[in-house]
Amino acid sequence: MSELGSTTHPLRVAIIGAGPAGFYTAAELLKRVPAVEIDFFDRLPTPYGLVRAGVAPDHQKIKSVTRVFERIAADEAVRFFGSVELGRHLDVADLRRFYHQIVYSTGAQTDRPLGIPGEELAGSYTATEFVGWYNGHPDFRQRQFDLSGRSAAIIGVGNVALDVARVLARDPDELAQTDIADHALEALRRSQVREVVILGRRGPAQAAFTTAELKEFSELAGVDVTAVPEEIDLDPLSKEAVAQFPDRNISRNLELLEAYTRNAAGGHERRVTFRFLVSPVAVIGSDGGRAAGLKVVRNRLEPSPSGSLRAVSTGEFETIPADLVFSSIGYRGVPLPGVPFNERWGVILNEKGRVLEPGSLTPITGEYAAGWIKRGPVGVIGTNKPDALETVVQMVADLEAGCTNEPERPEREAVEDFVAARQPDYFSFADWLRLDEIERQRGEARGRPRVKLTDVDEMVRLVKNRPPISRGND
Ligand code: NAP
């Protein structure tokens, strides 16, 4: 038989999760393997993962990366099976019947728990659910966010916290020009939130956000942006660290925050305040059992064994008014059925992308990981490019060493029949392109990039031309 990966004997690869990590993996495989056939599986009918469901609606430019992904998907060797979920419609054993190699690139779909009293109160939410809701992710479309209170506290100083703060503070008329979900736009138009406080447990030199995102606050119309001078003044340990390891992102962040401390109240209706060196202790409830405040403790910094600076409580408490509390302390990966998982790190057990057996820590033949489910929820969309390359280098090395899974049914058609039997409503890439067209057309009529469909049943009905489901007498 001819060599695997040649025209007469193409390498068959399944990629689970059609987000940036999956697409960059596909791109590298197409570049590096002479003949490869790639099938994407995604639990949603729509591709692009966090580019569609995570990137903030007022960051439309970032979303243009989908053009690159579209070109990859247009390659004849690539197919898309949307609305097909691992663990529900098929399992790892099924995949191993059809593919030489399987790549898991399912991202980090949940959030890290905060674990403070009162977290369960009405008005206390996670950034993950809020982001999913305003971006029209089908899983979160039914969530309700009570925005009738005046003040919101956001815990964490990463870029997601800044996204949440901007969406809360930005003029809804500006959001109306984006692809924000209609239900969120409506709720934000009625929002009474006027005070947004963003809380970092360490100092400004340790903040996780990036300068471009911090700078956007200075450009928000109708919003006063402030910071507390004593919290921006660096402590001696941070000063030393900054001098020892100069970092342009940190120094620019410090300049911006310093400028924010000098912002006099501009008389605007909305205000965003950056706070540092405070850790959340408890969400305080009102008599009605809703969030009314966030108790925090002031911190100082001390060296940790890892060499970084960590926050240590000073025992001095403060309560910040907060009708809404958003925990934005990072995402967390969700285990996939039948795939070894490192619970501590929230990632698939792997080395450089090769999935490992839990006991022996030897690679499982033909199984790989890429993206956040491989390395954890850090980095921007572009970080997935080198990450995908690392995984593909292992895949190619294993292919060259003859170390691949040996599927019983490597023919392309076999998968299509199998998927159609398990999930007749699966979305092909052509189906997605039709949905994309519908969304764009609806947007055009309203001067928006698109109006997102958020209900999977409606997507199926529109794309597959099904009649509406009859309800009662209609
Ligand atoms: P992140 O960057 O990891 O930030 C998490 C924040 O939560 C940190 O400030 C962290 O502080 C804090 N935190 C963690 N545990 C805490 C606790 N128990 N109490 C208080 N604070 C706590 O996570 P993210 O914001 O979810 O972003 C994930 C990734 O996506 C990042 O790489 C981010 O840059 C990227 N992203 C990029 C963009 C963009 O480019 N525009 C937009 C969104 C997201 P410590 O540092 O002290 O742990």
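Some points to look at:
Okay, residues lined up against (1) open to solvent by 10 Å² or more (accessible area, probe 1.4 Å); (2) farther than 30 Å from LEU399 by Cβ; (3) small (Gly, Ala, Ser):
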position: GLY87; (1), (2), (3): yes, no, yes
position: ILE116; (1), (2), (3): yes, yes, no
position: ARG166; (1), (2), (3): no, yes, no
position: ALA176; (1), (2), (3): yes, yes, yes
position: HIS183; (1), (2), (3): yes, yes, no
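- Residue check: GLU351 meets all listed conditions (1) open to solvent by 50 Å² or more (accessible area, probe 1.4 Å); (2) farther than 30 Å from LYS295 by Cα; (3) within 15 Å of the chain's Cα centre (by Cα) but one, namely (3).
- Residue match in region 50-68 (condition: touching a strand residue (DSSP E or B) at 6+ places or on another chain (Cβ under 8 Å), crowded, with 19+ Cβ neighbours inside 10 Å and β-branched (Val, Ile, Thr)): no
- The lone exception for THR110 - which of (1) farther than 30 Å from MET395 by Cα; (2) open to solvent by 20 Å² or more (accessible area, probe 1.4 Å); (3) within 12 Å of the ligand (Cβ to nearest atom) it fails: (1)
- From the options ARG202, ARG194, residue that is within 24 Å of GLU318 (Cα to Cα), surrounded by 19 or more Cβ atoms within 10 Å (Cβ to Cβ) and either modelled with pLDDT of 95 or more or away from the ligand (no atom under 11 Å from the Cβ) (or both): ARG202
- Filtered by the rule that a residue be of a type outside the set (A, V, I, L, M, F, W, C), within 12 Å of ASP58 (Cβ to Cβ) and more than 18 Å from the chain's Cα centre (by Cα), region 174-190 gives GLU174, GLN177, THR178.
- The number of residues in region 354-404 that are under 28 Å from the mean Cα position of the chain (by Cα), farther than 21 Å from ALA18 by Cβ and either among the aromatic types (Phe, Trp, Tyr) or at pLDDT below 95 (or both) comes to 0.
- Single condition ILE250 does not satisfy, out of (1) farther than 16 Å from GLY158 by Cβ; (2) in contact with a Pro (Cβ under 9 Å, 6 or more places away or on another chain): (1)
- Spans of strands (runs of 3 or more DSSP E) in region 232-325 with at least 2 residues within 24 Å of GLY222 (Cβ to Cβ) and modelled with pLDDT of 95 or more: 270-275, 309-321
- Checking ALA187, ALA221 one by one, the residue that is open to solvent by 10 Å² or more (accessible area, probe 1.4 Å), more than 15 Å from the ligand (Cβ to nearest atom) and not in a helix (DSSP H, G or I) is ALA221 and no other.
- All positions within region 276-301 that are within 28 Å of the chain's Cα centre (by Cα) and open to solvent by less than 30 Å² (accessible area, probe 1.4 Å): PHE276, LEU277, VAL278, SER279, ALA282, VAL283, ALA291, GLY293, LEU294, VAL296
- Exclusive hit being within 15 Å of the ligand (Cβ to nearest atom), touching a residue at least 60 places away in the same chain (Cβ under 8 Å) and either more than 30 Å from ALA152 (Cβ to Cβ) or open to solvent by less than 20 Å² (accessible area, probe 1.4 Å) (or both), set SER327, SER304, SER308: SER327
- Index of the failed condition, GLU213 passing every other in (1) within 12 Å of the ligand (Cβ to nearest atom); (2) part of a strand (DSSP E or B); (3) of a type in the set (D, E, K, R): (2)
- Scanning region 1-48 for residues that are under 21 Å from ALA181 (Cα atoms) and open to solvent by 30 Å² or more (accessible area, probe 1.4 Å) yields one hit, ARG43.
- Matching residues in region 163-173 - criterion: being part of a helix (DSSP H, G or I) and either free of Cβ contacts under 8 Å to residues at least 24 places away in the same chain or over 20 Å from the mean Cα position of the chain (by Cα) (or both): ALA169, PRO172, ASP173
- Taken together, the criteria place ILE38 among residues that are in a strand (DSSP E or B) and among the β-branched types (Val, Ile, Thr).
- Within region 330-344, the set of residues being within 16 Å of the ligand (Cβ to nearest atom) and over 17 Å from the mean Cα position of the chain (by Cα) comprises ARG344 only.
The values are calculated or read from the model by the stated rules, or taken from the named source; none is laboratory data. Note that the structure is predicted; figures quoted are calculated from it, not measured. Note: ideal-geometry Cβ built from the backbone for every residue, glycine included; neighbour counts use all protein chains shown. Keep in mind that these areas ignore ligands, DNA and RNA; they rest on the heavy atoms of the full protein, side chains included. Shrake-Rupley method; radii C 1.70, N 1.55, O 1.52, S 1.80 Å.
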